[in-house]
């Protein structure tokens, strides 16, 4: 926007996308408005591009928006020397070329008026309606005078929240950034680098997620030129050399892709499949990436073949002919039509070998798919037309990433976790990390819904994605029907069932942070641990009953939930009452007290009381630093919980025999953990519910009598520093 003044010209020209002369536009714009019966010449390019996609569009509102924008920006100049109106004109032209509808173009013309002129949001609303006002407000920056160093992250937070209600907000922002990046040359090098880094870390990933490849690829090249000028120049030289490679006679060789394209055209014509075969040059960053991947570029690596057809079925017909008449490279085949990407992208990808051994990558899609692949959500036109276009009100998305393309799952998750990151620095850092995850997977819930997660996500991430803060009580999972540790890494298409404790007794372990990939999970876990320091074990200690995270895929597991937590309730727990009314009471994880243990309590951070057995080392430590004990007594109860550890030698059916012994003693298994075997020895940890305390000795004897078990003891874990 206004802070990102620009210079004429750009280092990269995009094929098939004519660049408008900004100086000429500036001279025309200075003439001001013309008669009411025709559009100003300065906006004629926008009108022409808009009518190409929307032949029946009413251009009168664009006329009025241009008149207001030109008059309000009159006298303002960019650092490059052009009148400022050339910027909103260029941004609007970018969107018009991608097929944006009239409301988006109207807001684009006005997008800097509220920020940089005397025009107010009320004036925009009165003259152009609520939708245009909402879009303009969404892209208006927050003032540094009010927010200081937090202005940039808080501006992006504001835009993302606005995008959650109307995705067109981010469309305007992306086009705005593209024009500024095209003409960034007059800025100081350090400011160019700063803007380029934010573009790389935030705007390019957002363009990818919204499917706007036309903007994303050009932004990538512009950032590449600024942040990696030497690699950019080398890549530019390679592309130039490939486009004019002389042979011995001085004549230019035929492009190897062109030869394969001719053969493909012939094959499809003979098969009676109407298709358009095009050569699609790779952009600079794409060529650079291929060079890194292959080590040495081949003649066909500088572009790909694009086959455009009329219907979805034709895509598969083309694929069949190509794989029949050419040698396919099977490892390169991907079907993004049957399984579209999370950003609306659909195509068939394959690669074939030509007669001379050259390998060509081929993209097969319909014309509609191609439009969406280039323009993403912009190609949706007015995505809110179903409700009459009266405001930015989108229907709540159903389960699934693609149920509502205007509110994709990744955006919903981002909006959820940002609410838990009030600190601007935390938000800014987490946002960049979140957007750096370049691929998503879909996992299925047992209730019929789906979860969209980043690649590498675990059951921990799935728990917080599905349940929010209730996931603190997660005690395990089943993946594809088998019990799994919470650290299990999920794959695309997995079915996951999260197991939650019935009460609020559990809490996350610090180990969960090692397996949390999503910001929502990390923020929630960190927040719980920060507010429950007395329940946080040392890094190697673990928490009673928490699942071992040693394997990403489970072997045989006990037939019950995995993991456990600590009982917590205002004023007392199911086993303990303290001499402090209304205090939150927790049973310490370091000694797991149960009736009829002699116990005492200590007030910890936040006013909660943690209950310890008298012989617990933590008691002596707290008394030594002057902590005053709190009286604790056991209330009358017909049941209680206990955590037992069974040490045994590994053997077949050990788990079955142990669980049978437990059941015979009338104890219910609340949670169970089996650690990976070490030197033929296995450790089992069970959290059990007993009818009464008198049954504990008999239960422990029954477990010790199981062949292979050489010790059963009460759980004892290292205490956290207090």
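Things to note:
- With R₀ set to 56 Å, the beta-carbon distance separating residue 58 from residue 713 gives a calculated FRET efficiency near 0.10.
- Annotation for segment 644-663 versus segment 455-516: alpha-carbon center distance of 25 Å.
- Anisotropy class of segment 247-376 from Cα gyration tensor, a/c 1.5 cut: oblate
- Here the extension length gained between residue 367 and residue 188 equals 60.2 nm, from 0.36 nm per residue of separation less the Cα-Cα distance.
- Length gained on full extension, residue 704 to residue 201, computed as 0.36 nm times the residue gap minus the Cα-Cα distance: 175.3 nm.
- Percent of Cα-Cα distances greater than 17 Å, calculated over segment 409-531: 53 percent
- Spread over its residues, the convex hull of the C-alpha atoms of segment 22-227 is 124 Å³ per residue.
- In segment 640-714 the Cα-Cα distances spread across 10 Å bins starting at 0 as 20, 60, 18, 2 percent of all pairs.
- Compactness of segment 451-512 was expressed as the Cα radius of gyration divided by 2.2 N^0.38 Å, which yields 1.03.
- Cβ-to-Cβ counts within 10 Å put 77, 703 in ascending order as 77, 703, the fewest first.
Values quoted throughout were computed directly from the atomic coordinates according to the rules given, and no laboratory measurement underlies them. Computed from a predicted structure; not experimentally measured. Quick reminder, even Gly has a Cβ in these numbers, built from the backbone with ideal geometry, and neighbours come from all protein chains shown.
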